[in-house]
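Chemist: Would you mind keeping the following structure in view while I ask a few things?
The values are calculated or read from the model by the stated rules, or taken from the named source; none is laboratory data. If you're wondering where the values come from, they're calculated on a predicted model, not measured in any experiment. FYI the Cβ positions are ideal-geometry reconstructions off the backbone, even for glycines, and counts take in every protein chain you see.
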Amino acid sequence: TTTPLKQVVMRKSDLNVCAEFKKTRGNSKESLNLIVIGHVDSGKSTLMGHLLFQLGQVSQKIMHKYEQESRKVGKQSSMYAWVLDETDEERERGITMDVGQNRFETENRIVTLLDAPGHKDFIPNMIGGAYQADVAILVVNATTGEFEAGFEAGGQTREHALLVRSLGVSQLCVAINKLDTVDWDENRFSSIRDKLKLFLYYDHRY
């Protein structure tokens, strides 16, 4: 004997995707894991620490404390990095060694910020963070010689971009940092932008 096929009932009206999503998820915000990557000393932790301060995630009192403590050890320029670089060793060496985490909310999303180490010695830690990421920000240092060091063979700019791509991150934003060190030279900005566009888009289809 044959089993009769189940009758398929076709939907007669158009599906309201937004209404269905709201019915399923309610008013809960979407979660997003954002990783910040790039070569060592590109300013990732400082940039993200400043962002968290501007978003009100870090109080003026805490920032004043970090300013005072960083000045005592001659590292005042790292005061914002201390928001994410929390261990004594990271602060003493002035580099991120493990993935720093923090959270902030936008109107529609809850963002978990993952600040990855840029030094090649800590690539396993960086991969551990990238494995959790949905999207990425690639921070590059515009300082003369520093962008080249990170972008050429052996530098972490290329390696980090390739790693997050291989781990499934398909959306990446580039932040060109430290342009003040080249007097905000537009030609320097354009040169870096064009090299990265060629590498990221044409070579690797970001």
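Chemist: Scan GLY49, GLY94 and give me the residue that is modelled with pLDDT of 80 or more, of a type outside the set (Val, Ile, Thr) and surrounded by 13 or more Cβ atoms within 10 Å (Cβ to Cβ). Lay out the reasoning, then the answer.
Modeler: Working: GLY94 fails: modelled with pLDDT of 80 or more.
The unique qualifying residue is GLY49.
Chemist: Next up: Scanning region 49-79 for residues that are among the polar types (S, T, N, Q) and in a helix (DSSP H, G or I), which turns out nearest to the chain's Cα centre (by Cα)?
Modeler: The first filter runs over region 49-79 and keeps only residues among the polar types (S, T, N, Q), leaving 54, 57, 59-60, 68, 70, 76-78.
When the remaining residues are screened for being in a helix (DSSP H, G or I), the result is 54, 60, 68, 70, 76-78.
On the way: GLN54: 17, GLN60: 24, GLN68: 27, SER70: 24, GLN76: 23, SER77: 21, SER78: 18 Å.
Looking at the filtered set, the residue picked out is GLN54.
Chemist: Mind listing whichever residues of region 28-46 are in a helix (DSSP H, G or I) and touching a strand residue (DSSP E or B) at 6+ places or on another chain (Cβ under 6 Å)?
Modeler: LYS44, SER45 - these are the residues of region 28-46 that are in a helix (DSSP H, G or I) and touching a strand residue (DSSP E or B) at 6+ places or on another chain (Cβ under 6 Å).
Chemist: State whether the residues of region 17-40 include one that is at pLDDT 75 or above and touching a Phe, Trp or Tyr at 6+ places or on another chain (Cβ under 7 Å).
Modeler: Our first condition is that a residue be at pLDDT 75 or above; within region 17-40, this holds for 28-40.
Next, only the ones that are touching a Phe, Trp or Tyr at 6+ places or on another chain (Cβ under 7 Å) stay: none.
Within region 17-40 (the criterion being at pLDDT 75 or above and touching a Phe, Trp or Tyr at 6+ places or on another chain (Cβ under 7 Å)), the answer is no, since none of the residues qualifies.
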